[in-house]
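Here's the structure we're looking at; comments come further down.
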Amino acid sequence: MDQLAEKYRGKAAFFLIYGPEAHPNGHDWTVKDGEGHEPIGLVASYAERQALARSLRARKQLKRIILVDNIEEPCTRDRFLPVPGLNNPIVVVGANGCFAYAREAVDLASVNEFLEQYLRARD
């Protein structure tokens, strides 16, 4: 996603909303970095979620801003995309503030195609 953020710099803003973990049942999950998979435990507080977001941004060298969602329910995803099973959705908010594009999972090629068409139509 950072590649798309770079491609559309000045034309679109890219954010990562860090919401509830996709595996909330106490299972640890891992983040792949250049040296393999590093286990990460579930967070128990908002402060822990903020610290993990900072750590992930540094380790993965993310350029996007990470917006840390609340720790309590309902989360942003549940309030705005109330569809069961959306663990990694992608949303594009148009210049008018309304959803212009939404998918249940991140697909960079589809997002790129949408942005090209959307921005071309705005020019």
(message) Considering only the range 32-40, I want to know if a residue exists there that is modelled with pLDDT under 85 and within 19 Å of residue 78 (Cα to Cα).
(response) no
Taking the range 103-123 and the residues there that are aliphatic (A, V, I, L, M) and farther than 14 Å from residue 14 by Cα, the one that is modelled with the lowest pLDDT would be 105
With criteria (1) assigned to a loop (DSSP other than H, G, I, E, B); (2) free of Cβ contacts under 8 Å to residues at least 40 places away in the same chain; (3) surrounded by 15 or more Cβ atoms within 10 Å (Cβ to Cβ), residue 78 comes up short on (1)
Residue hits (the range 85-114; over 19 Å from residue 2 (Cβ atoms) and among the acidic types (Asp, Glu)) are 104
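The values are calculated or read from the model by the stated rules, or taken from the named source; none is laboratory data. In this text, all values refer to a predicted model and were calculated from it rather than measured experimentally. Cβ: placed from backbone, ideal geometry, glycine included. Neighbour counts: every protein chain shown.
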